[in-house]
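Participant: Submitted below is the structure of interest, expressed as structure tokens.
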Amino acid sequence: MKLATLRSADARHRDGHLIVVSKDLSRMLSAETVAPTLQAALDDWARLETPLRALAARLESGEGRAFDPRDCLSPLPRAYQWADGSAYVNHVELVRKARNAPMPASFWTDPLMYQGGSDTFLAPTGAIPLADASWGLDFEAEVAVVTDDVARGASPAEAATRIRLVMLVNDVSLRNLIPDELAKGFGFFQSKPSSAFSPVAVTPDELGQYWDGGRLHRPLVVDYNGTAFGRANSGIDMTFDFPTLIAHAAKTRSLASGTIIGSGTVSNRGADGGPGRPVADGGVGYSCIAEQRTVETLTQGAPRTPFMSSGDRIRIEMRDDVGRSIFGAIDQQVS
């Protein structure tokens, strides 16, 4: 089943309207008779999943009207919680090298996670605002899951049963603000503005063989200004799977339905165990500019790729074996 949130023309409905989307992303049906919003559906998932799936079945029989992702907000336009991990430790290692920050050994055994701002998310095809180009705007292509209620102290096995939806993320970052913020010893805040999520959120069963219960095994297609930038496989080099990340987040607190847990920037090592090569050089490339800049520094002595500026465009998507989009595309331009 595929779910999305349609933008409302009425400002009073800031969380939009829940819709069900066909498997091929061509048609949609309103789900307002079942639940007004995706959060409302998640709050009563045990009861509402069945009628939502009934709508999905009607779509596959040919009902519905045309679906346009440009009319969508992020599936959850705001959320009670958005916590982003760094499951791809290769990425952490590389970006820390860029800051000349040492890599603690514990990063390979204990997940790294930050609590992001979730009161507002960007639309998947909306603009990325940039007030000051010197802040170092970067995209980060990721995968995320949305949970049902998760009990405090839940094990990874228990956490796995609480995953309700999967979606893609552009975790927008302001790289040049990060070092000074972290130097204060209190974590990200200003350097992590609003993120965006794919137009469509998908139930794990919809992913079939691509989903193993904890990892999504597909290349993440990242195109920057119309050029192939990243093709890293999100199922490879993921040190911590989603059940482990969820259990980590729930170690000292319960998680409410609608909690979003991100994977962190998808990153694959090269075939030789090194940091990998750009797509243009036969590698799978990178899922953020910072990683490419770090590799450029290691191989060429200095970064060559600038951070984003006004007019730059980022597209993040995942496709099935025959090239069909699974989640729709995050397709944003810097304003």
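Participant: Which numbered condition in (1) among the small types (Gly, Ala, Ser); (2) closer than 27 Å to residue 264 by Cα; (3) at pLDDT 95 or above; (4) open to solvent by 50 Å² or more (accessible area, probe 1.4 Å) is the only one that residue 105 fails?
Facilitator: Result: residue 105 fails condition (3) only.
Participant: Between a first residue in segment 192-214 that is on the phi > 0 side of the Ramachandran plot and modelled with pLDDT of 95 or more and a second residue that is among the hydrophobic types (A, V, I, L, M, F, W, C) and open to solvent by 30 Å² or more (accessible area, probe 1.4 Å), which pairs have beta carbons less than 9 Å apart while being 6 or more apart in sequence or on different chains?
Facilitator: Sorted first by the residue in segment 192-214, then by its partner, the pairs are 213/160.
Participant: So residue 53 fits all but one of (1) open to solvent by less than 40 Å² (accessible area, probe 1.4 Å); (2) outside any loop (DSSP other than H, G, I, E, B); (3) more than 19 Å from residue 314 (Cβ to Cβ); (4) not β-branched (Val, Ile, Thr); what number is the exception?
Facilitator: That leaves (1) as the condition not met.
Participant: For residues that are among the polar types (S, T, N, Q) and either part of a loop (DSSP other than H, G, I, E, B) or at pLDDT below 95 (or both), scanning just segment 11-50, find the one that is surrounded by the most Cβ atoms within 10 Å (Cβ to Cβ).
Facilitator: 37
Participant: Can you work out which of the residues in segment 304-314 that are touching a residue at least 40 places away in the same chain (Cβ under 8 Å) and closer than 20 Å to residue 265 by Cβ is most open to solvent (accessible area, probe 1.4 Å)?
Facilitator: By that ranking, first place goes to 313.
Participant: Do we have any residue at all in segment 243-258 that's open to solvent by less than 10 Å² (accessible area, probe 1.4 Å) and closer than 19 Å to residue 316 by Cα?
Facilitator: no
Participant: Out of 291, 317, which single residue is buried (at least 16 other Cβ atoms within 10 Å of the Cβ), of a type in the set (D, E, K, R) and at pLDDT 95 or above?
Facilitator: Matching residue, one of 291, 317: 317.
Participant: Within segment 282-319, can you find the residues that are under 27 Å from residue 69 (Cβ atoms) and assigned to a loop (DSSP other than H, G, I, E, B)?
Facilitator: 284, 286, 287, 307, 309, 310, 311, 312, 318
Participant: Follow-up. Restricting the first residue to segment 141-160 and requiring it to be among the aliphatic types (A, V, I, L, M), which pairs with a second residue that is surrounded by fewer than 19 Cβ atoms within 10 Å (Cβ to Cβ) and assigned to a loop (DSSP other than H, G, I, E, B) meet a Cβ separation below 7 Å and a spacing of at least six or different chains?
Facilitator: Going by the 7 Å Cβ cut-off, the qualifying pairs are 150/254; 151/254; 160/213.
Participant: Which of the residues belonging to segment 224-242 are surrounded by fewer than 19 Cβ atoms within 10 Å (Cβ to Cβ) and acidic (Asp, Glu)?
Facilitator: The one that is surrounded by fewer than 19 Cβ atoms within 10 Å (Cβ to Cβ) and acidic (Asp, Glu): 237.
Participant: While we're here: Condition first: out of contact with any strand residue (DSSP E or B) (no Cβ under 8 Å at 6 or more places or on another chain), without any contact (Cβ under 8 Å) to a residue 40 or more places away in the chain and not small (Gly, Ala, Ser). Can you find one or more residues in segment 14-31 that meet it?
Facilitator: Within segment 14-31, not a single residue is out of contact with any strand residue (DSSP E or B) (no Cβ under 8 Å at 6 or more places or on another chain), without any contact (Cβ under 8 Å) to a residue 40 or more places away in the chain and not small (Gly, Ala, Ser).
Participant: Checking the conditions here, which among 61, 118 is at pLDDT 95 or above, more than 25 Å from residue 219 (Cα to Cα), open to solvent by 20 Å² or more (accessible area, probe 1.4 Å) and not acidic (Asp, Glu)?
Facilitator: 61
Participant: Still on this structure, please answer the following. Of the conditions (1) more than 30 Å from residue 277 (Cβ to Cβ); (2) among the charged types (D, E, K, R); (3) open to solvent by less than 50 Å² (accessible area, probe 1.4 Å), residue 70 clears all except one; give me its number.
Facilitator: In the conditions (1) more than 30 Å from residue 277 (Cβ to Cβ); (2) among the charged types (D, E, K, R); (3) open to solvent by less than 50 Å² (accessible area, probe 1.4 Å), residue 70 misses (3) alone.
Participant: Right, something else. Consider segment 117-151. How many of its residues are farther than 22 Å from residue 313 by Cβ, among the acidic types (Asp, Glu) and touching a helix residue (DSSP H, G or I) at 6+ places or on another chain (Cβ under 8 Å)?
Facilitator: Residues that pass the stated criteria total 1.
Participant: Could you tell me how many of the residues in segment 174-219 are open to solvent by 50 Å² or more (accessible area, probe 1.4 Å) and charged (D, E, K, R)?
Facilitator: Looking only at that region, the number is 5.
Participant: Moving on to the next point. Find all pairs meeting these conditions: Cβ atoms under 6 angstrom apart; at least six residues apart or on different chains; first residue within segment 286-302 and more than 15 Å from residue 220 (Cβ to Cβ); second residue open to solvent by 40 Å² or more (accessible area, probe 1.4 Å) and assigned to a helix (DSSP H, G or I).
Facilitator: Correct list of pairs: 294/97; 294/98.
Participant: Go through the residues of segment 1-10 one by one and say whether even a single one is in contact with a Cys (Cβ under 8 Å, 6 or more places away or on another chain) and open to solvent by 60 Å² or more (accessible area, probe 1.4 Å).
Facilitator: Yes: one or more hits.
Participant: To continue, here is another question. Which residue out of 154, 159 is in a loop (DSSP other than H, G, I, E, B), buried (at least 21 other Cβ atoms within 10 Å of the Cβ), touching a helix residue (DSSP H, G or I) at 6+ places or on another chain (Cβ under 6 Å) and modelled with pLDDT of 95 or more?
Facilitator: That would be 154, the only listed residue that is in a loop (DSSP other than H, G, I, E, B), buried (at least 21 other Cβ atoms within 10 Å of the Cβ), touching a helix residue (DSSP H, G or I) at 6+ places or on another chain (Cβ under 6 Å) and modelled with pLDDT of 95 or more.
The values are calculated or read from the model by the stated rules, or taken from the named source; none is laboratory data. In this text, all values refer to a predicted model and were calculated from it rather than measured experimentally. With ideal geometry, Cβ positions are generated from the backbone for all residues, glycine too; neighbour counts draw on all protein chains shown. These accessible areas exclude ligands, DNA and RNA; they are computed on the full protein's heavy atoms, side chains included. Shrake-Rupley method; radii C 1.70, N 1.55, O 1.52, S 1.80 Å.
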